[in-house]
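Here's the structure, in structure tokens; my notes come after.
The values are calculated or read from the model by the stated rules, or taken from the named source; none is laboratory data. Keep in mind that this is a model prediction, so the values were computed, not measured. Cβ coordinates were reconstructed from backbone atoms using ideal geometry, including for glycine residues, and neighbour counts include every protein chain displayed. Just the protein is used for accessible areas: all its heavy atoms, side chains included, with ligands, DNA and RNA removed. Shrake-Rupley method; radii C 1.70, N 1.55, O 1.52, S 1.80 Å.
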Amino acid sequence: MFTKMNDLAAKQICNWKYEHPYSVYNYMEYDEAVKKCAAIVNPEKAENFLCFWDKNVLIAYINIYTMEEKIYIGIGLSPDYCGKGLGEYFLKQGIAEAKKRYPKEKIWIKVRSWNKRALRCYQKCGFAIISIHKELNSEKDFENFVFMCLS
């Protein structure tokens, strides 16, 4: 069972802190996210998110969004739950919801090429590598991103 994005979820995501090298996935502080109207605090985008809870603790979220006329899925897992095999479960929930919302569209995922943990998870869920591109990342550096499509 999931909910759409809300302030409680956004605040928890902003407090998640990953160990290096995954620290590139740390979200900005909540107040900054509000000032910048980041996706997780933007009410118009709340429906794009599936938030998975254990009582009042956010375990994971999925973002289903459109980019360059393609449907993408993004996943965030609480640092306390990373590396425990749960990503596959939550990603499959996101895939099912994306297929309901966009039954005729291919589903894509984009990941940093060094993130072997995520690549394994995505491949287990049926995604295949289509291409690798150098792109500007959030730190304003160029790095390789892997583009995968659900087969």
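Here C149 fulfils each of the conditions (1) under 17 Å from the mean Cα position of the chain (by Cα); (2) farther than 17 Å from A96 by Cα; (3) not in a loop (DSSP other than H, G, I, E, B) apart from (2).
Of the residues that make up region 62-74, is at least one open to solvent by less than 60 Å² (accessible area, probe 1.4 Å) and either of a type in the set (S, T, N, Q) or part of a loop (DSSP other than H, G, I, E, B) (or both)? Scanning region 62-74 turns up at least one residue that is open to solvent by less than 60 Å² (accessible area, probe 1.4 Å) and either of a type in the set (S, T, N, Q) or part of a loop (DSSP other than H, G, I, E, B) (or both).
Of all residues in region 105-129, which are surrounded by fewer than 13 Cβ atoms within 10 Å (Cβ to Cβ) and either farther than 19 Å from G76 by Cβ or among the aromatic types (F, W, Y) (or both)? Of everything in region 105-129, those that are surrounded by fewer than 13 Cβ atoms within 10 Å (Cβ to Cβ) and either farther than 19 Å from G76 by Cβ or among the aromatic types (F, W, Y) (or both) turn out to be K106, A128. When L77, L86 are checked against the criterion of being farther than 24 Å from K134 by Cβ, surrounded by 14 or more Cβ atoms within 10 Å (Cβ to Cβ), under 12 Å from the mean Cα position of the chain (by Cα) and of a type in the set (A, V, I, L, M), a single residue qualifies: L77. Taken over region 47-58, the residue count meeting the criterion of being open to solvent by 30 Å² or more (accessible area, probe 1.4 Å), modelled with pLDDT of 95 or more and part of a strand (DSSP E or B) is 1. Among the residues of this structure, K100 counts as one that is exposed (fewer than 14 other Cβ atoms within 10 Å of the Cβ), at pLDDT 95 or above and in a helix (DSSP H, G or I).
Counting only residues that are part of a strand (DSSP E or B) and without any contact (Cβ under 8 Å) to a residue 60 or more places away in the chain, region 103-132 holds 11 of them.
Only residues that are open to solvent by less than 80 Å² (accessible area, probe 1.4 Å) and in contact (Cβ under 8 Å) with a residue 40 or more places away in the chain were counted in region 2-24, giving 12.
Have a look at E135, E139, E44 and point out the one that is part of a loop (DSSP other than H, G, I, E, B) and surrounded by fewer than 14 Cβ atoms within 10 Å (Cβ to Cβ).
Working: E135 fails: part of a loop (DSSP other than H, G, I, E, B); E44 fails: part of a loop (DSSP other than H, G, I, E, B).
E139 is the lone residue from the list that is part of a loop (DSSP other than H, G, I, E, B) and surrounded by fewer than 14 Cβ atoms within 10 Å (Cβ to Cβ).
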